[in-house]
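Below is one structure, written out as structure tokens; comments come after it.
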Amino acid sequence: MSLNRSSSGLAIAGLVITAVVATWWLGTVGLALPSSGNPERASAQAILALVLLRGLLLPAFGLPAGLRLARATWPGLLTMVAVAWPVVALAWSASEVTLHAVLAAEGALLALAVVIGALGTAPAHLARERLSADATDIMATVAGLLVALGLWVTRQHWIPAGLS
């Protein structure tokens with residue numbers, strides 16, 4: 001699968017998020033182990049941080065990209081989700097979080113990526129006919145931020161109990 005320019009930007013955003021959380025998690029675990037500390041809490045927090053960050057950034061980046069380009073951005077959004085899976089797997093192995101909770105959260109993120117990738121193109125044709133490019137960008141950014149805000153407010157409903 002080849003990614004277009006916008007999709008590769010989304011994939012890079014996912015990679016940056018993953019790298020930041022992985023660096024923090026490895027540093028925290030590295031400090032906890034020599035002092036006979038327990039890395040389980042830091043590992044669970046790393047999983048939660050990755051789920052929350054990706055869940056909030058999917059609409060914030062995906063809707064504007066879809067509206068701007070008037071084509072599906074779901075390949076880049078799926079890549080944004082999938083790029084964190086190695087870190088999620090390592091953090092899960094060091095935590096007490098159930099596999100069911102991790103798989104449910106990742107499944108919710110995948111579903112969100114597909115839906116947002118498809119939604120990004122739906123209003124694009126109407127918006128391009130009636131609005132200027134600047135107005136379309138503003139509308140897409142506001143829509144993405146509103147969806148991200150809605151996800152933040154309702155996070156206890158879409159993040160499994162084992163992660164919160």
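The values are calculated or read from the model by the stated rules, or taken from the named source; none is laboratory data. Since the structure is predicted, the reported quantities are computational estimates derived from the model, not experimental observations. Cβ placement follows ideal geometry from the backbone for every residue including glycine, while neighbour counts extend to all protein chains displayed. Each accessible area value is taken on the protein alone, full model and side chains, heavy atoms only, with ligands, DNA and RNA left out. Shrake-Rupley method; radii C 1.70, N 1.55, O 1.52, S 1.80 Å.
Condition check ((1) in a helix (DSSP H, G or I); (2) modelled with pLDDT of 85 or more; (3) within 19 Å of the chain's Cα centre (by Cα)) across all residues:
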residue: 3; (1), (2), (3): no, no, yes
residue: 6; (1), (2), (3): yes, no, yes
residue: 9; (1), (2), (3): yes, no, yes
residue: 15; (1), (2), (3): yes, yes, yes
residue: 22; (1), (2), (3): yes, yes, yes
residue: 26; (1), (2), (3): yes, yes, no
residue: 36; (1), (2), (3): no, no, no
residue: 43; (1), (2), (3): yes, yes, yes
residue: 47; (1), (2), (3): yes, yes, yes
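Contact map, segment 99-118: first residue in a helix (DSSP H, G or I), second residue modelled with pLDDT of 85 or more and open to solvent by 10 Å² or more (accessible area, probe 1.4 Å), Cβ cut-off under 8 Å, separation 6 or more or different chains; pairs are 99/92; 102/92; 106/85; 110/78; 113/78; 114/78; 117/78.
Within segment 49-67, residues that are open to solvent by 10 Å² or more (accessible area, probe 1.4 Å) have Cβ atoms under 9 Å from residues that are outside any helix (DSSP H, G or I) and at pLDDT 85 or above in these pairs: 53/84, counting only partners at least 6 apart in sequence or on another chain. Listed by first and then second residue, the pairs with beta-carbon distance under 6 Å, at least 6 apart or on different chains, first residue in segment 12-34 and farther than 23 Å from residue 79 by Cβ, second outside any helix (DSSP H, G or I), are 29/39; 32/39. Filtering segment 124-141 for residues that are at pLDDT 80 or above, out of contact with any strand residue (DSSP E or B) (no Cβ under 6 Å at 6 or more places or on another chain), under 21 Å from residue 59 (Cα atoms) and outside any loop (DSSP other than H, G, I, E, B) leaves an empty set.
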